[in-house]
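The values are calculated or read from the model by the stated rules, or taken from the named source; none is laboratory data. Quick caveat: nothing in here was measured; it's all calculated off a predicted structure. With ideal geometry, Cβ positions are generated from the backbone for all residues, glycine too; neighbour counts draw on all protein chains shown.
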Amino acid sequence: MSESTYTARLVGSTGTETLELELTDGLPRKSIIREGAGEREGGSEDVVWELVTDSDDYEYREAGRPAADYS
């Protein structure tokens, strides 16, 4: 890991995974979008991950689907 990257820990319903991300202006990303294990026909579905603000180790939690209407 270099000074411009950090190790993120994604904690979701299917387990935990780590990945290395680049810092933005010296700070971790507030959220990221990654391809998830989808159950729809035609493949996987993107998942939004949000940084847990009080986490000491750059933990992200599943926050939903991009552009989903939850109303």
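Filter segment 12-29 down to residues that are within 14 Å of Val52 (Cβ to Cβ) and in contact with an Asp or Glu (Cβ under 7 Å, 6 or more places away or on another chain), then give me how many there are.
Total satisfying the criteria: 1.
How many residues are charged (D, E, K, R), modelled with pLDDT of 95 or more and over 16 Å from Ala63 (Cβ atoms) if we restrict to segment 1-49?
Here the count works out to 2.
State which residue is surrounded by the most Cβ atoms within 10 Å (Cβ to Cβ) when the search covers only segment 50-71 and only residues that are on the phi > 0 side of the Ramachandran plot and either at pLDDT 80 or above or under 9 Å from the mean Cα position of the chain (by Cα) (or both).
Taking segment 50-71 as the starting set, the residues that turn out to be on the phi > 0 side of the Ramachandran plot are 58, 64, 67.
Now narrow it down to the ones that are either at pLDDT 80 or above or under 9 Å from the mean Cα position of the chain (by Cα) (or both): 58, 64.
Numbers: Tyr58: 16, Gly64: 12.
Result: Tyr58.
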